[in-house]
Amino acid sequence: MDTTSFLKKTIGGVEQIEPALTPPPVKPMLPVKPKLGQVASKSRKRDIPKGLWTKCPSCASMIYDKELDENLQVCPKCQHHFPIGSRERIHSLVETCTFEEMDPEMVSVDVLKFSGYKGKLERDRKATMLKDAVVTGVCKIGVHRVALGVMDFAFMGGSMGAVVGEKLTRLIERGTEGRWPVVIISTSGGARMQEGAFSLMQMAKTSAALARHAQQRQPYISVLTNNSYGGVMASYAALGDLIVAEPSAMIGFAGPRVIKDTTHADLPTGFQTAEFLLDHGLIDSIVPRKEMKDRLMLYLDFLTVGKRSPA
């Protein structure tokens, strides 16, 4: 290695030669192309702030959330119906300041000491600001005084426990006493398994209340939304004098996979959709969400001719 020397004078006046290393000349190097796995992928996807846009699962369009809210959570391009909460649905149907809620403080209890049930109830109460999976009350739809019940799928999948059954039974009995039409909007996964036989008994209780309501010659309109399944569909949801549904709503007793595994048969395409059930006579009409209030007013006009009680 080449060295360079320099003189250094010591304290005694003696000159000493000390070597100093000179760094070798740096040779220019060609840039090395990184391996494929080492290259950071550059995505063109932009970070979209949450709460501003929603992607439609049907047509993949990006919808401005404000526009979606103004359209009652219906895609303006393909008319896909997004889930909607019970409070929002009530607001879209009833006349302003006419809704009088019934039994707002009624809550479920863990009668069977089912593991984790209390925690799930508390979780959904905080998430939805509801006491249980249904909101009931008396209101006006147009000129008609109506006993209205609206289920909410966000609370434990809209499952029917003792509270849901009791609130709906009281609602139906209130409608019978007041000689008012009853309207129930259903969305549910079925009976609440954490309450066992107590939840199954609500099927008979609500059906009996509707039978007494029918004896008074008062109408009952059942509105089915996505999803409407299980014990709810096997009881009050299917007992309406008039049964209407939202477009593409999934309706049935058990899910398609369970039915296929049980029957070991090929099932028709879309056999549990509202459109299929309309073609086969299970429901009477399919009504888009934006038209629901006007259609309910029309149906109530027809069903209450000569029966209307004072508001």
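The values are calculated or read from the model by the stated rules, or taken from the named source; none is laboratory data. Bear in mind the structure is a predicted one, so any value in this text is a computation, not a measurement. Cβ placement follows ideal geometry from the backbone for every residue including glycine, while neighbour counts extend to all protein chains displayed.
Can you confirm whether segment 160-181 contains a residue that is aromatic (F, W, Y), closer than 26 Å to E105 by Cα and surrounded by 23 or more Cβ atoms within 10 Å (Cβ to Cβ)? Don't jump to the end; show me each part of the working.
Residues of segment 160-181 that are aromatic (F, W, Y), as a first pass: 180.
Then drop every residue that is not closer than 26 Å to E105 by Cα, which leaves 180.
The next check asks that each one be surrounded by 23 or more Cβ atoms within 10 Å (Cβ to Cβ); those that pass are 180.
Within segment 160-181, one or more residues are aromatic (F, W, Y), closer than 26 Å to E105 by Cα and surrounded by 23 or more Cβ atoms within 10 Å (Cβ to Cβ).
Out of all the residues in segment 150-166, which are of a type in the set (A, V, I, L, M) and in contact with a helix residue (DSSP H, G or I) (Cβ under 7 Å, 6 or more places away or on another chain)?
First pass over segment 150-166, keeping only residues of a type in the set (A, V, I, L, M): 150-151, 154, 156, 160, 162-164.
Across segment 150-166, the qualifying residues are V150, M151, A154, M156, M160, A162, V164.
How about segment 53-72: which of its residues are touching a strand residue (DSSP E or B) at 6+ places or on another chain (Cβ under 7 Å) and not in a strand (DSSP E or B)?
Passing the criteria: C56, D65, L68.
Exactly one of these conditions fails for V143: (1) closer than 21 Å to E122 by Cβ; (2) out of contact with any strand residue (DSSP E or B) (no Cβ under 9 Å at 6 or more places or on another chain); (3) β-branched (V, I, T). Give me its number.
Evaluating V143 over (1) closer than 21 Å to E122 by Cβ; (2) out of contact with any strand residue (DSSP E or B) (no Cβ under 9 Å at 6 or more places or on another chain); (3) β-branched (V, I, T) leaves (1) as the failure.
Do you know which residues across segment 113-172 are among the hydrophobic types (A, V, I, L, M, F, W, C), without any contact (Cβ under 8 Å) to a residue 40 or more places away in the chain and in a loop (DSSP other than H, G, I, E, B)?
Within segment 113-172, M129, F155 meet the criteria.
Restricting attention to segment 210-242, report how many residues are over 21 Å from the mean Cα position of the chain (by Cα) and buried (at least 21 other Cβ atoms within 10 Å of the Cβ).
Matching residues across segment 210-242 total 8.
When you go through V244, V232 one by one, which is the residue that is in contact with a Lys or Arg (Cβ under 8 Å, 6 or more places away or on another chain), closer than 26 Å to E173 by Cβ and at pLDDT 95 or above?
Being in contact with a Lys or Arg (Cβ under 8 Å, 6 or more places away or on another chain), closer than 26 Å to E173 by Cβ and at pLDDT 95 or above holds for just one of V244, V232, which is V244.
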